[in-house]
Structures are given as structure tokens and as C-alpha cells.
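Below you'll find the structure, written out as C-alpha cells, and then a few comments.
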Amino acid sequence: MSDTPAATIQRPAFLDAPAVAAVLASLPGARAVGGCVRDALAGRDSADVDIAAPFPPGEIAARLLAAGLKVFETGLAHGTVTAVKDRQPVEVTSLRRDVLTDGRHAVVEWTTDWREDAARRDFTINAMSLAPDGALFDYFSGLADLAAGKVRFVGNPDTRLAEDYLRALRFFRFQARYGTGEPDAAAVAAIRRAVPGLARLSAERVWMELKRILAVPDPVATLGLMAETGVLGAVLPEAGAPDVLLRLVAAGAPAEPLLRLAALLPEGVATAAVAQRLKVSAEERSWLEALRDVSAALIPGADDAAIRRALARADATRLGAPARLVLLRTWLAEAREVAPEADWPDLRKRIEAIVAEEGIPVFPLLGRDLIEEGIPPGPEMGRILTELRGWWLSDGCAATREDCLAELRRRLAQGGGGTALGG
């Protein structure tokens, strides 16, 4: 079978990136594949560039090393190495055919047949390849599907899903980003049939795709389709009605996956149980818990002192980005209709103005300051610092270091020279 390009397109800029150009130059016949090709055709930027080549992985690595690139064996069992030039990584994979699949993993062998390699990919829009001269190879009408906003599986949808059930979730992600109009009926019907297979996926892979779905500009319709097919109930059974998420998106809140997950979870659902089941990272779990604490959210009408206190308390969570936490909490509180008639945009403007003008308030005393006042390290010092910080917060975080030291000395004096402090 002849390997004839479907079209010739203007060469996208990513082909001229030093690392990509060096990889292509060292591997005759290599092409860019997958997402970078799709996004170039859609007029979008792509974060990563993937290259495929008609050589076994050992030969690919040898050619790259001979060309002076650094090579890391990041996925050798699946034919993938990572080439690095000028600190820019490029994944390079041998053309493959599937020998055995079990719904989660695949055993592969190498091939030189580009169509055979494209046939094992998930969707037609991801199965195109691009030669360095701009020749586009499109074996399954991906270009037409991309133009029509149609996300279709390559070949038989049931077969593609049985090879890897994560493709059900990937379908929804690509439908949300590239689909227009009604989703492909054959794909949706196959996904309904594949729902039991989702139980075979690892929690980490499920969460990885859920995050990407929740990060699309507007995930509401996609999540509705996921619920209708039974997929959402299989991967996120704790999800409640989408009302809060609808209001969150309609209000223009940032497309933060954890914020949107917090909006999907009814208030009575235990965050810890969801985090443990999805195996989110410790940092993600802490953020999710902090975001769902709507009682800590500011509401419109809060004065500048209350805003400073909220920023300082968010800083004390040790999550980093305290201003972001305070702002995201206001979005969730607004979506939960904590104060339906309030001016939430004005509150966020005031928060941003205070952060821009003053920064994040930081309690100005440390343990060494108390040591200099004759208070030894230990539990008593911790108690004193906590009480002084409470006084500083109640004052709207306006007290300077000198003010706090003066308050410490005043309280020590009232305690008759001892270390007891009172409110």
C-alpha cells in the first residue's frame, strides 16, 4: 500500500524548535504525531511535540546520541525515549503494533508501517502525522473530523475501548475541547457498553483524566453526557447535581479543576474519602479541603481588616498562593449562593487591590524575638506567640513588629514579671 500524503500544509513553527529539528534531522523518515499535529491544524498551541520514527527504539537512541542529543529511556518497553537538546525534551517513539491488550496495558512490537501505527491510536483527530516538509498523512479522515467538530474512534469503538478503557474518559475530554454539535452516536453507544470496564482502571489514571476534563473552558455539557452514559457515576459517584458548577462557570470563575471538583461535591460529602479513593496528591487534597471550607470564605461587605485577616489565615495553611485560595473561596461561596444578592466582583477587586498594594500580611514576630525578651523555647513560647498572633489578627494585621513587641512587653508587665499572658 502506498503511503501518500492527504495534503500539504504550511509548516507549523514547532518543527523549527531546535530540539525538534535536531530529532527530525537525525531520524530519516520521522514525523510529528498526535496532539501537536491536531493542534497545529486547529490553530492552537501545543504544550508537547511527539515524534514517531520507523526504527526500533535501540536504533532511535543510537542515532539521537550520535547526533549529540541527550537520551533518556523513559518508556523503552513501549518504544519511547526522550531526547533533550538545550533543555527542551522531545518524546520519540518507534512505530508500533499491538500484540496483546487487556483494557489497561498493551504488549507491542515494532513496525515500519505508518498506517498500522495510526490504527492503534484512539481518535481520528489524534491519528494524523506530519512530515518535516509539511506533508500531512491522514489515514482515517481526521482532518475532516477536526473541521466538522467530530470526535470519532479509529475503527471499531468497542475494540478501541477494550484495548484501554481510559479512552472513554479521553473521549469526553476531546469532545469538550474539539467537538461541536451532537457527539458521535457510535462512540457514545460503545462507551455505555464499556462502563463496567472502567473499574479496571487505576485511580491515578482516572484522576489524571478527570482533572483534564474539569480544566476545559466549560465542562458542564460534557459532565452531563458523562452522567447520562453512566461514566460519571462510575468514576465520581459522589458528584451531586451540577447546579453549583453551572453557576460557577456562568460567573466566569477560573477553570481550576480542584475548584470545580469542590463545586461538584455536595456539602455533606467527606473530602477525605473522595481524595483517598481518587488517590489525589497530598497537596491536592489539602487544596480541596481548604476550598470546600466555605465558612472560611469572605463575603461582600467585609472591610479591609477582614480581608487582611483572611489573607493571613490562608497564608498560615502553608499551601502557598494565599491570595489565590482566598479568591477561589469567594467564587465557590458565590456559586453556593452564600449571599445571592451580594456584589462578589467588587469584593474580588478589593482583595486584589490590597494584595497588589500591601502584599500578604505576615505576623512580624518569631521565636527569637521572644527569646530576646527572656522567654525560653518551649510550649509556653508557642502559646504566647499564638495569643499575640490572635491579637494581631483582631487588629486587622495592621500592627508592626514594634507594635507587637510593645504589646508583648505590656502583657508581660501585667503578668507581674512572669510569662503568663492574658487576652
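The values are calculated or read from the model by the stated rules, or taken from the named source; none is laboratory data. Keep in mind the model is a prediction, meaning the values are calculated, not measured. Don't worry about glycine lacking a Cβ; one is built from the backbone with ideal geometry, like all the others, and counts go over all protein chains shown.
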Given the structure, is A47 touching a helix residue (DSSP H, G or I) at 6+ places or on another chain (Cβ under 9 Å) and either surrounded by fewer than 15 Cβ atoms within 10 Å (Cβ to Cβ) or not charged (D, E, K, R) (or both)? yes
Residues located in the stretch 19-65, provided they are more than 19 Å from H78 (Cβ to Cβ) and touching a strand residue (DSSP E or B) at 6+ places or on another chain (Cβ under 6 Å): A19, V20, A22, V37, L65
Of these, D86, D39, which one is among the acidic types (D, E), surrounded by 15 or more Cβ atoms within 10 Å (Cβ to Cβ), modelled with pLDDT of 90 or more and assigned by TED's automatic domain parsing to the domain that holds D133? D39
Residues satisfying the stated conditions in the stretch 193-207, i.e. surrounded by fewer than 13 Cβ atoms within 10 Å (Cβ to Cβ) and part of a helix (DSSP H, G or I): P196, A199, R200, E204
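When you look at A263, is it of a type in the set (A, V, I, L, M, F, W, C) and surrounded by fewer than 17 Cβ atoms within 10 Å (Cβ to Cβ), yes or no?
No.
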Between a residue in the stretch 365-383 that is within 23 Å of C397 (Cβ to Cβ) and β-branched (V, I, T) and any residue that is modelled with pLDDT of 90 or more and in a helix (DSSP H, G or I), which pairs come within a Cβ distance under 7 Å, given they are 6 or more apart or on different chains? I375/M381; I375/I384
Helices (runs of 4 or more DSSP H) enclosed by the stretch 214-301 - at least 3 residues per element that are over 28 Å from Y178 (Cα atoms) and free of Cβ contacts under 8 Å to residues at least 60 places away in the same chain: 271-278, 282-292
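Name the helices (runs of 4 or more DSSP H) wholly inside the stretch 319-377 in which the number of residues that are closer than 16 Å to L291 by Cβ and of a type in the set (A, V, I, L, M) is 3 or more.
322-335
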